[in-house]
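Q: One structure follows; several queries about it will come next.
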Amino acid sequence: MDWSDSPEQKAFREDVSSFIQQRLPERYRDPDRGTGLFEGGWQSDRKSPDPDVQSAAQMWAAALAERGWIAPHWPKQFGGAGLTVVEQFIFNHEMAKAGAPSVGGMGVSMLGPTLIVHGSPEQKAEHLPKILSGEVAWAEGYSEPGAGSDLASLQTRAVREGDEYVINGQKIWTSGAQYADWLFALVRTDPDAPKHRGISFLVIDRNTPGISIRPLTDMGWNQPFNETFFEDVRVPAKNRVGDENRGWYVGMTLLDFERSGIGTSVMARRQLQSLIDYARTAEGRSKSQFVNNPALRLEAADRHIEIEIEEAMSLRIVSIQAAGQIPNYESSMVKMFGSESLQRLQRLGTRAFGLYSNIWDEDDQHAPLRATFTHGYIWSIPMTIAGGTSEIQRNIIATRGLGLPRG
C-alpha cells in the first residue's frame, strides 16, 4: 500500500511544520530537554514557579489555540479543528518530530472526546471551552490499590444524598493530579450490582474539600503520579456523566481514545537515530560498544525494523478510522507492540554504553547523550503497565481479534 502524502496532505504537512518552526517557544526546542511523563511538559509548566516557564506554556497554548490545534481531532462545532483522521496523523507526526508538547493533556485526548459522546449540553458548555483555552487541566481517577488491571473491582464509594454524591475511598496512579484542576473518576454507586454495572462516572473539582493528593516518587526520582484520597467529598449529582451505574461503558469509551495513539514510533525513530549518530562520533566510538560488537549493530537493525512495523500498524489504525470504523483489538496491538519495543530500544541504548549507562546525572561530562537511555530505561518500564497492561492487551487481542474463548 502507498502511504505517501497526496498533494493536499503534503501541503498540510508543510503548513504544520512551518507553524511549529515559527511559533514553538525556545524552551521546547532543546532536543536534550528531558521530560518524565509529566515533568517538563505543558501540564506541569503551566503551574511552574518560574515565570519564564509559565510564559512558554501560555504562549504555546495560545499559538495552538489560534489554529484550533489544541484539539485538532474534535469537531469544529465543539471548538476543535475538525481535522480528518489522516490530517490528525500528519499533525501528530510533525509535533512528535519536533518534540513539541501537546496542550490540554487528558482533557483534550480523553475527557473531551468522552464528553462529546456522553456529556450533557450543560457539561459540554462548562468544560469543553476551558479545556480548549488551556485554562483547566485534568487527571484520571481510575486505578485503586486493589483495582488495577481488574479495574471493575474498584471500591471507591459514592453514596447519593439528595442532589449530591458523597465519595469515600482511594485512587492510585492518578497521573499528573498535582498539576490538575479537575479529576474524572469511576466510583461505585451500587455495591450490590454485578461489578461492571454498579459504577458511575463523575467529574470532580480538585479543590473540593476532602480531597488530598500525595505525589509518589518513581524509580527515576520523578513524581508523575499520585495517591488520591476522598474523605466525605461532596460532588453535585449534575457532575455525573451518563446514567447512574452505567459509568463503566462511559469509561471504556474514554479508554478507546487513549489506546488509539499513533505517535510513539516517531519518538523511537528519533532516539534510535540519535544513538546511531552519536556512535559515529569520536566521543561515541570511545564510549559505546557499537564498533567492536556486531551483535549490537544487528540489534539496532532489529529496532529499526520494529519502528517501521509500528508505524505501519499505526497507519492501519488511521485507515480504519478514515473508513468510519472504530479500532478495537487493533489499538491493543499497537499499544502493546509500541510499549514493549520501546523497552527494547532503551535496553539497546544502555547495553551500547556499558558501564557509562550507570551515570545518572545528565550534566555529568561522562554521561553519553546526557544519560538519555539511562533515564529512558527507567521510565520505559511502566509503559507496559500504563493504559492497560500488556497482559490485558493480549487478552483483548486473543478474544476480540482471534476469537479465542475467555479463560
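The values are calculated or read from the model by the stated rules, or taken from the named source; none is laboratory data. Computed from a predicted structure; not experimentally measured. Methodologically, a virtual Cβ is constructed for each residue, glycine included, from the backbone with ideal geometry; neighbour enumeration extends over all protein chains shown.
Q: What do you reckon, is residue 349 surrounded by fewer than 20 Cβ atoms within 10 Å (Cβ to Cβ) and either small (Gly, Ala, Ser) or in the same structural domain as residue 221 (by TED's automatic domain parsing) (or both)?
A: The answer is no for residue 349.
Q: How about segment 112-125: which of its residues are without any contact (Cβ under 8 Å) to a residue 12 or more places away in the chain and either farther than 28 Å from residue 196 by Cβ or under 18 Å from the mean Cα position of the chain (by Cα) (or both)?
A: 125
Q: Output the residues belonging to segment 179-211 that are part of a strand (DSSP E or B) and aromatic (Phe, Trp, Tyr).
A: Residues satisfying the conditions are 182, 184, 201.
Q: Related question: Residue 19: among the aromatic types (Phe, Trp, Tyr), under 21 Å from residue 133 (Cβ atoms) and in a helix (DSSP H, G or I), yes or no?
A: So residue 19 passes the test.
Q: Could you tell me whether segment 148-162 includes any residue that is buried (at least 16 other Cβ atoms within 10 Å of the Cβ) and under 21 Å from residue 217 (Cα atoms)?
A: Yes, the conditions are met somewhere in segment 148-162.
Q: Could you list, in sequence order, all residues of segment 313-329 that are within 24 Å of residue 389 (Cβ to Cβ) and either surrounded by 20 or more Cβ atoms within 10 Å (Cβ to Cβ) or free of Cβ contacts under 8 Å to residues at least 60 places away in the same chain (or both)?
A: 313, 314, 316, 317, 320
Residue-by-condition table, conditions (1) β-branched (Val, Ile, Thr); (2) out of contact with any Leu (no Cβ under 6 Å at 6 or more places or on another chain); (3) farther than 19 Å from residue 86 by Cα; (4) buried (at least 16 other Cβ atoms within 10 Å of the Cβ):
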{"site": "282", "(1), (2), (3), (4)": "no, yes, yes, no"}
{"site": "299", "(1), (2), (3), (4)": "no, no, yes, yes"}
{"site": "311", "(1), (2), (3), (4)": "no, yes, no, yes"}
{"site": "338", "(1), (2), (3), (4)": "no, yes, yes, yes"}
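Q: Residue under question is residue 152, and the condition is that it be among the aliphatic types (A, V, I, L, M), part of a helix (DSSP H, G or I) and in the same structural domain as residue 211 (by TED's automatic domain parsing); does it hold?
A: yes
Q: Suppose we keep only residues that are of a type in the set (Val, Ile, Thr) and under 20 Å from residue 126 (Cβ atoms) within segment 188-232. Which one would you say is surrounded by the fewest Cβ atoms within 10 Å (Cβ to Cβ)?
A: 208
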